[in-house]
Amino acid sequence: MKKGQILEGYIERVDFPNKGFAVVEDEEKKVIVKNTVPEQKVRFAVNKIRKGQAEGRLLEILEHSPEECQPACPHFGVCGGCTYQNLPYEKQVEMKEAQIHAMMDAAVDGDYIWEGVKESPVREAYRNKMEFSFGDEYKDGPLALGMHKRGSFHDIVNVTECKIVDEDFRRIIKAVLEFATDTGLPYYHRMRHTGFFRHLLVRKAVRTGEILIDLVTTSEAQLDEARLVEKLTGLSYDGKLAGILHTTNNSLADVVKDEGTKILYGQDYFYEELLGLKFKITPFSFFQTNSLGAEVLYEAARSYIGETKDKVIFDLYSGTGTIAQILAPVAKKVVGVEIVEEAVEAAKENAALNGLDNCTFWAGDVLKVIDDLGEVPDLIVLDPPRDGVHPKALEKIIDFGVERMVYIACKPTSLARDLELLQGRGYQVERIGCVDLFPSTYHIETVCLLSKLQSKEHIEIEVKMDELDLTSAESKATYEEIKAYVLEHTGLKVSRLYIAQVKQKCGIIERENYNKPKSENAKQLQCPPEKEKAIKEALHHFGMIL
């Protein structure tokens, strides 16, 4: 087998994300051919051979799988947005479940409960956000606005009949393409780094129907703002137009980047509702792209978390604070950390909007911010970006030694990788389940519950209260009384850990292992000087120190 060779093969299986394994006659090794489904016979060109593994580019489907159906979208197969529209939805879910189950079986040490895949409540027109790109369908062709062509970095497919968005999205993309074409201005060329039109960002809430439109351009030319507003406000919408924006982006990277956004009409935000809560969403803040599916996901995560009464919960990679606010009504306190400052500000506004006063949100990288939170969590929820948790950040998270941790992964391979460290540092996987937030694509959300591994070896003893050897000092005030005194007299909130540290400094004997780190190498947060002073004042008040 060599590069450039044209071969035919039978697709035996498909591994996550979309790697079909083609069996070729007279060849010992199978070839990976993407964008295929089991039981197809395909023709492909070998385009890569690396470490003994060959990969091929799909040229033609010679025989369809008996499981295939007619795709609903006319762009399917050319557009790179969807992968499995040629399979009935039930078969899509079945294949995804088999892929992720096999992956988790390989990643998990020991037994765990596999809970399968929860289906999306909607299978078409489910997306509440789309980023469309400007370009041309072929070299020097007419202006196009849509998705990247499958397997191409340059070519853009007009997706005016896209089925994973609703009719309002389709109306907007047609109108903006007409507007851009009429101006005669060029699209931004990704290689030459010249041109004007770059992206179109559209967001629409499912529950409120509010729509936000953001046209992204370079500063190479002047946008006819009045004409754009006239074009878009003149459309007939099923929803309600909340705002039209113009964002400038001169960066070299082919991403939607905010280097200045101007409101042309209405406002630069809209509202969505999930599980009885209201959320303000801004153009660039993270929010799950399938609103109704997100409710299923967060219900699953909430069931995994379990008892939250009187618990402090960390919601790391919190976005606009969706999970934090869903948990806040049944928790003592929730602390969210998110790197996007715009999302953090939205999270704070959302908490106030929903009347939640026990949520705190920090802006910054989890790796850098986690040392400054000044809290010790009882539970941790992780909902990291696609690449998972930075190893150094994960080490710090593990050092808290919480009894339960819930990891929500939009990329299951990242979860599988992070499980190696988590299990190596004393956590065991209890339950794993998936929620299909992305019908017709290979993407899927995975939810994993981990618990702190407890030793099975134990000695049963009977201890009477008079054998606990409580000092007179220990009996004078409880931790809650000390915390209440500090809060009342200084306004500071202190944890049981900080109180234990100060008591030890003052020579008040704690029972063996009380508030010690859960692992030998764990680093523990140390009580800040101002809180140590306040705790000592409380100890003096209760007659526990002189």
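The values are calculated or read from the model by the stated rules, or taken from the named source; none is laboratory data. Quantities reported herein were computed from a predicted structural model and do not represent experimental measurements. Methodologically, a virtual Cβ is constructed for each residue, glycine included, from the backbone with ideal geometry; neighbour enumeration extends over all protein chains shown. When the accessible area is computed, the model is the full protein with side chains, heavy atoms only, and any ligands, DNA or RNA have been set aside. Shrake-Rupley method; radii C 1.70, N 1.55, O 1.52, S 1.80 Å.
Could you list, in sequence order, all residues of the range 330-342 that are within 24 Å of V494 (Cβ to Cβ) and either assigned to a helix (DSSP H, G or I) or not aliphatic (A, V, I, L, M) (or both)? Steps first, answer last, please.
Filtering the range 330-342 for residues within 24 Å of V494 (Cβ to Cβ) gives 330-337.
Hits for the range 330-342 are V330, K332, K333, G336.
In the list E445, E341, E349, which residue meets the criterion of being surrounded by 22 or more Cβ atoms within 10 Å (Cβ to Cβ), of a type in the set (D, E, K, R) and touching a strand residue (DSSP E or B) at 6+ places or on another chain (Cβ under 7 Å)? Give the steps one after another, and end with the answer.
On the way: E341 fails: surrounded by 22 or more Cβ atoms within 10 Å (Cβ to Cβ); E349 fails: surrounded by 22 or more Cβ atoms within 10 Å (Cβ to Cβ).
Sole residue among the options that is surrounded by 22 or more Cβ atoms within 10 Å (Cβ to Cβ), of a type in the set (D, E, K, R) and touching a strand residue (DSSP E or B) at 6+ places or on another chain (Cβ under 7 Å): E445.
Inside the range 127-161, can you point out the residues that are surrounded by 19 or more Cβ atoms within 10 Å (Cβ to Cβ), within 27 Å of F286 (Cβ to Cβ), out of contact with any Ser or Thr (no Cβ under 6 Å at 6 or more places or on another chain) and of a type outside the set (D, E, K, R)?
Scanning the range 127-161 gives M130, F132, S133, F134, G135, L145, G146, M147, V157, V159.
In the range 135-181, which residues are of a type in the set (S, T, Y) and over 19 Å from Q85 (Cα atoms)?
Y138, S152, T181
Give me the residue from the range 373-419 that is basic (K, R) and in contact with a Gly (Cβ under 9 Å, 6 or more places away or on another chain) and, out of that set, nearest to F314 (Cα to Cα).
Of the residues in the range 373-419, the ones basic (K, R) are 386, 392, 396, 404, 411, 417.
Next cut, in contact with a Gly (Cβ under 9 Å, 6 or more places away or on another chain) only: 404, 411, 417.
Details: R404: 11, K411: 21, R417: 22 Å.
Here the residue is R404.
Restricting to strands (runs of 3 or more DSSP E) lying wholly in the range 400-456: which have 3 or more residues that are under 28 Å from Y498 (Cβ atoms)?
Fully inside the range 400-456 and qualifying: 404-409, 445-452.
Would you confirm, using the coordinates I've provided, whether R43 is among the basic types (K, R), surrounded by 14 or more Cβ atoms within 10 Å (Cβ to Cβ) and over 22 Å from T413 (Cα atoms)?
So R43 passes the test.
So D378 ticks every box in (1) at pLDDT below 90; (2) touching a strand residue (DSSP E or B) at 6+ places or on another chain (Cβ under 8 Å); (3) open to solvent by 50 Å² or more (accessible area, probe 1.4 Å); (4) not basic (K, R) but one. Which box is left unticked?
Unmet for D378, out of (1) at pLDDT below 90; (2) touching a strand residue (DSSP E or B) at 6+ places or on another chain (Cβ under 8 Å); (3) open to solvent by 50 Å² or more (accessible area, probe 1.4 Å); (4) not basic (K, R): (1).
Just checking, which of Q501, Q454, Q526 is modelled with pLDDT under 85, buried (at least 16 other Cβ atoms within 10 Å of the Cβ) and either of a type in the set (S, T, N, Q) or in contact with a Ser or Thr (Cβ under 8 Å, 6 or more places away or on another chain) (or both)?
On the way: Q454 fails: buried (at least 16 other Cβ atoms within 10 Å of the Cβ); Q526 fails: buried (at least 16 other Cβ atoms within 10 Å of the Cβ).
On inspection, the qualifying residue turns out to be Q501.
Looking at the range 241-264 only, could you name the residues that are in contact with a Phe, Trp or Tyr (Cβ under 9 Å, 6 or more places away or on another chain), open to solvent by 20 Å² or more (accessible area, probe 1.4 Å) and assigned to a strand (DSSP E or B)?
Matches in the range 241-264: L241, T261.
Among the residues of the range 21-37, is there at least one that is touching a residue at least 24 places away in the same chain (Cβ under 8 Å), assigned to a strand (DSSP E or B) and aromatic (F, W, Y)?
No, that holds for no residue.
For the range 46-69, give me each residue that is free of Cβ contacts under 8 Å to residues at least 40 places away in the same chain, surrounded by fewer than 16 Cβ atoms within 10 Å (Cβ to Cβ) and assigned to a strand (DSSP E or B).
R50, Q53, E60, E63
When you scan the range 187-204, do you find a residue that is out of contact with any Pro (no Cβ under 9 Å at 6 or more places or on another chain), farther than 22 Å from D155 by Cβ and surrounded by 21 or more Cβ atoms within 10 Å (Cβ to Cβ), even just one?
yes
Might you let me know whether the range 170-181 holds any residue that is in contact with a Lys or Arg (Cβ under 9 Å, 6 or more places away or on another chain), in a strand (DSSP E or B) and at pLDDT 95 or above?
Within the range 170-181, none of the residues are in contact with a Lys or Arg (Cβ under 9 Å, 6 or more places away or on another chain), in a strand (DSSP E or B) and at pLDDT 95 or above.
Quickly run through the range 84-121 and pick out the residues that are basic (K, R) and surrounded by fewer than 20 Cβ atoms within 10 Å (Cβ to Cβ). Write out each step before concluding.
Step one: filter the range 84-121 for residues basic (K, R), giving 91, 96, 118.
Hits for the range 84-121 are K91, K118.
Can you tell me which residue within the range 138-151, out of those that are under 26 Å from the mean Cα position of the chain (by Cα) and not charged (D, E, K, R), is nearest to N18 (Cα to Cα)?
This residue is G151.
Can you spot a residue in the range 223-237 that is part of a strand (DSSP E or B) and either more than 18 Å from E342 (Cβ to Cβ) or touching a strand residue (DSSP E or B) at 6+ places or on another chain (Cβ under 8 Å) (or both)?
The answer is no; no qualifying residue exists.
Which residue, of A98, A72, is out of contact with any strand residue (DSSP E or B) (no Cβ under 6 Å at 6 or more places or on another chain) and in a helix (DSSP H, G or I)?
A98
State whether one or more residues within the range 388-395 are open to solvent by less than 20 Å² (accessible area, probe 1.4 Å), outside any loop (DSSP other than H, G, I, E, B), touching a strand residue (DSSP E or B) at 6+ places or on another chain (Cβ under 6 Å) and among the hydrophobic types (A, V, I, L, M, F, W, C).
no
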